[in-house]
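Read the structure below first, then the notes.
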Amino acid sequence: MAFLSTFLGIIGFGIGTSFGLLVGFFLFIYSKPKPVKEPITRSLYELDADALLDILPDIPLWVKCPDYERVDWLNKFVIDMWPFLDKAICDQIKSITEPMLAEYVGAYQIEAIEYDNPSLGTIPPEIHGLKVCETNEKQLVLEPALRWVGNPNIVLAVKLLSFRITVQLVDLQIFMAPRITLKPLVPTLPCFATVAVSLLEKPDVDFGMNILGGDIMAIPGLYQFVQKTIKQQVASLNIWPKTLEIPILDPSTVAVKKPVGILHVNVVRAQKLLKKDLLGTSDPYVKLNLTGESLPSKKTTIKKRNLNPEWNEKFKLIVKDPESQVLQLQVFDWDKVSNHDWLGVQFVPLKHLMPYETKEFKLDLLKHSDSYDPQDKKERGKIVFEVAYAPFREDSVKLDGMQDGQWRKETGFDRRYSENQVYSGAGLLSVLVQGAEDVEGERHNNPYAMVFFRGETKKTKMIKGTRDPIWNEEFHFMLEEPPINEKIHIEVVSKRTGFSFRSKEHLGNVDINLTDVVHNGRINQKYHLIDSKNGMIHVAIKWTTA
């Protein structure tokens, strides 16, 4: 019985896996609709009530439900490709299930278990309708209605006590409604990185099973047991929200690095700096940034005529890749007229930092990035600073999670920073301006978006000659406290490309309340633009705490 349960489970696993691979393969295809020879049909009004009830389950969804579309062209493609798909799917099922079956060799007096030329038959699955779901995310959701009344010939040969026993799967029927998600959508062919397949409800599976030529499904009670086992096995694999994910593109080719944490830097002091001014002193300041970022560098204040300046100035930097990024601190001598003089530099690779641990550095300033240059013997002074890397918390999407005071107590962060509560409520506000619709100017349509928040202004690129621009540009705002009861202002503006006295034109604006963003972690929706007849803008905003 244990082996039979395992065999049924493998059948269910094969069914779920094969359909996941099949629907994933369909999505590589693009073909224009082709004319299909229509069969002889009868009008529904010619049928009586009993006949209508009999055929109701067999009526395609595109007839019963207007959300589903007819896809005869895709079914024709499957018919033509089925001999090749049959072999590919069978090979995949064998490679996945053979290691599972091998575990039973040697147990229960079983000497060997092997497939005997498995085939899915000559009848391919049929798609009875396809629904395309709209979503605000960067993904495409498809919901096909699949039916397969097949004639597979899957034979498993079990050698038991020198006897060869064959177990054959016949007369397979499957009715299922999978959800296929193409995500994320990227500007690299085939324009999606992964195919995720899940089942919205338990599928209907029916089949016959012959052992030594006899139909064991005729045994009382066994048919119900087998049906229940198969359904549970398939459902446990792929029932929503579980998914079978099929990678299409290499993640490294489409990955867009997102912020993963905050680097807290406290520039404390410098000592014995070089004398660059005529009066034997310097006017030092520090520029700090992370490598791999195009953002402007942070700067300390200028300390006039001081070779041992004290700053104690704190900064926050957005971290996207702690394994490769390096903190760079450059010290300059400020000059009013000429270029600022170089005093030295130091580096700290973030991979050497332990999360949630404050570390103090007192390092010699270097002439350049080559710290082992034997020609560089000149003393340039020292710089003292403190660094702490705080990754974003997975549970930070909601404000009612762990409170900051509790978090600081558990991690020990308040040992150095509790006086000014550097970490109290600090977080990152990410604003993704995806696009706009029906933004129309009176004189020109070259729209771009401007984001205004707490005195800062961010601007997207300009898209020429369109009323439906797609920007997909993300902006970040480092905040000390959650932006509760605050609003972010977004304007859509068109700009004439040539010379004009009225080169800019206002196309609409919107104010978005950030309270929901803080409490829910994120929002992603479209907003009607004020001062625009039909214009809308699509914005996604996320609040993340460290």
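Tabulated values for the structure
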| read-out | value |
| --- | --- |
| Extension gain (nm, one decimal) between Glu46 and Ala88, 0.36 nm per residue minus Cα-Cα | 10.7 nm |
| Residues whose placed amide H lies under 5 Å from that of Glu293, excluding near-sequence neighbours | none |
| FRET efficiency estimate (nearest 0.05) - Cβ-Cβ, Ile302 to Met478, R0 22 angstrom | 0.45 |
| Extension gain from Ala177 to Asp516, taking 0.36 nm per residue of separation minus the Cα-Cα distance | 118.6 nm |
| Accessible area (Å², 1.4 Å probe, nearest 10) - Lys316 | 30 |
| Stokes-Einstein D for the range 451-537, Kirkwood Rh over Cα pairs, 4 °C, 1.567 mPa s (µm²/s) | 88 |
| Accessible surface of Arg393 - all protein chains present, 1.4 Å probe, nearest 10 Å² | 40 |
| Gain on full stretching of the segment that runs from Gln224 to Glu134 - 0.36 nm per residue minus C-alpha separation | 28.5 nm |
| Amide H contacts under 5 Å for Asp321, placed H, 5+ residues apart | none |
| With DNA, RNA and ligands ignored, accessible area of Asp116 (1.4 Å probe; Å², nearest 10) | 60 |
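The values are calculated or read from the model by the stated rules, or taken from the named source; none is laboratory data. Keep in mind that this is a model prediction, so the values were computed, not measured. With ideal geometry, Cβ positions are generated from the backbone for all residues, glycine too; neighbour counts draw on all protein chains shown. The protein model used for the area step is the full one, side chains on, heavy atoms only, and it has no ligands, DNA or RNA in it. Shrake-Rupley method; radii C 1.70, N 1.55, O 1.52, S 1.80 Å.
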